[in-house]
Amino acid sequence: MNVPAAWYLVVAALLFGVGAFGLLTRRSALIMFMCIELMLNAVNLTFVTFARTMSDVAGQASVFFVMVVAAAEVTVGLGIVVAVFRRRSSTSVDELAELHG
Amino acid sequence: MTVLVPSIHYLALLPIFIFFGAALVLMVASALSAKSFSLRLATSTTVLASVAVLVVNVAQWSYVAHHGATTTIAHALVFDDFSVVATAVIAASMLLSALVGHDWALRERVVGVDYHVLALAASAGAMVMVQANDLIVIFLGLEMLSLGLYVLVAFDRHRAASSEAALKYFLLGGFASAIFIYGAALVYGATGSTNVSSIAYFLGQNVLLRPGLLYAGGALLLIGFAFKVAAVPFHAWSPDVYQGAPTPVTGFMASIVKVGAFAALIRVLLSALGTQMDTWRPILWVLVALTSLLGASVALVQRDVKRLLAYSSINQAGFMLLGVWSANVRGVAGTLFYVMTYAPVVIATFAIVTVVGGVGDEHHALEHYRGLARRQPWLGAALTVLLLSQLGAPLTVGFYAKYSVLVAALDAGGGALALIALLSAAIAAYFYLRFALTLYEESDDDASHVAVPRASAVVITIGVIFTVLFGLWPGPLATWAQHATLLFLP
């Protein structure tokens, strides 16, 4: 069975939407962080689909760049989450009320 | 099968190599040295690297003057006057910020080279951004810049606000990056390439029957940039992050992020999507109007100086966007001039905020500035000059910056928008002047004397001299900006 390329794009858009929605509604820093990863993976799926339909290898190569960036973001992000957790024993962003104006 | 290695123009890449090399050398040297690495040595290395980049920029400038603008590494990077000037601004910002950071680290007893390593790596990322000719390369530069800054924002371990600001910045910054790269993916799908020149060529040759994909991609790219430059309505992170970050880092961020993001924004909007101008200009119109007005009016009610300067910086971003909106040579040159002159002014301003902040980096309420100019006339006068420049008062460099983007907007037929921007400048003038007048008010005598360390004093002096000198004589800077733009726009 041949699945049309458009479906992959729709799935990617949905994944991206789920990630963006989760980021805006969830209150745990870790879940928000996972949502960013979900968005980046949706981007990867989009790149691969377009690369496949256009028979262009550049789009597939882009995926590696996005993956490397996602991995780098994980290391930095988890470090920051741990630093905040050590101070407050919570990763909920609702408790971050030090800064307001 | 043979592997084709693209030709690499090492002169174009030299600034990036110098900064990244300096970061690596510092990191390895500090890991290998038995006793703790001297902070003075780390700062000297950063300053030396920045001076080296500025020297290389001179060589690059004359190279481009003789050989014209080129691309390198399979058209992934551009080597033109625009990138050379922007790189020089980044190097100068790094130099000034390193000096302010040095005094701050001594005062707060921050040991180690990490601060300088991260700052150098982030600056290298900004340099990648200003040279990038490919959406993926812009993304990589953006991430190099942002990842370094996330950690720098969290650098003050004594204040809870610092790590809190870092988490907010990280989550929203990651969100913005994901939106940006999704935009790049959609543009790739619509045009078949992520290369700025190829996109421009494709859009010049073809008429898209169903441009929805391209529009969606372009809009997402624009949102990503709007987040990074803190344009309204994507500015919510900026006051919190400006307030929470260690003060020298705030100044550093305010300068290099704007340089990197605006250079890349100009390339994407004017080079890649130049044919779609009629579509993105109305969107940018709304962004400019909201950014300049909201930035200025919310700043009126701020009691914390760092938050106040954050909103002031949002207002300034509105003016920089105004130059991009104009989409003519004058506008782009105006934006470049604006960014060039804003960087040293904002770093010097935050240098003063750093020294007034005192041990613990906590005295940032407007109250602490009451009577500052009576106790310390020179420091007060310096801050007044820097504030007047951000206000756009005549005889300061900020005046010519505002003037050049406003004239460009009028040229482009944006009378209403220029009026809105002027109105926002008038509102902004109120809080800048109120801040400046606070410095000269009577105050109780027990307010303590602020210690100004030597390196910070140098930075503040450079900032003030720059403001006044180029305020009286903006010719050379304006010529560079003009020249850089002419070699860049088609």
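Every read-out reported here was derived from the displayed coordinates using simple, explicitly stated rules and does not represent laboratory data. All values derive from a computational prediction rather than experimental measurement. Every residue, glycine among them, receives a Cβ derived from its backbone with ideal geometry; neighbour counts consider all protein chains shown.
Key figures
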quantity	calculated
Approximate shape of the stretch B:305-365 as ellipsoid semi-axes (Cα gyration tensor, √5λ), whole Å, largest first	30, 12, 5
Average projection area in nm² (convex hull over Cα atoms of the stretch B:158-265, one quarter of hull surface)	7.3 nm²
Cα convex hull of the protein assembly as shown, projected area averaged across orientations, nm²	27.7 nm²
Hydrodynamic radius (Kirkwood) for chain A, which is based on Cα pairs only, to one decimal in Å	15.4 Å
Pairs of alpha carbons in the stretch B:77-136 whose separation is greater than 18 Å (percent)	43 percent
Distance in nm between pseudo-label sites at B:GLU441 and B:VAL55 (7 Å out along the Cβ direction from Cα)	5.0 nm
A:LEU14-B:TRP378 FRET efficiency (beta carbon distance; Förster radius 56 Å; 0.05 resolution)	0.40
10 Å Cβ neighbours from other chains, averaged over peptide B:78-91	0
Label-to-label distance, nm, for residues given as B:SER36 and B:LEU366 (7 Å Cα→Cβ offset)	3.9 nm
Pairwise centroid distance, computed over Cα atoms, of the stretch B:299-351 with the stretch B:69-91, Å	23 Å
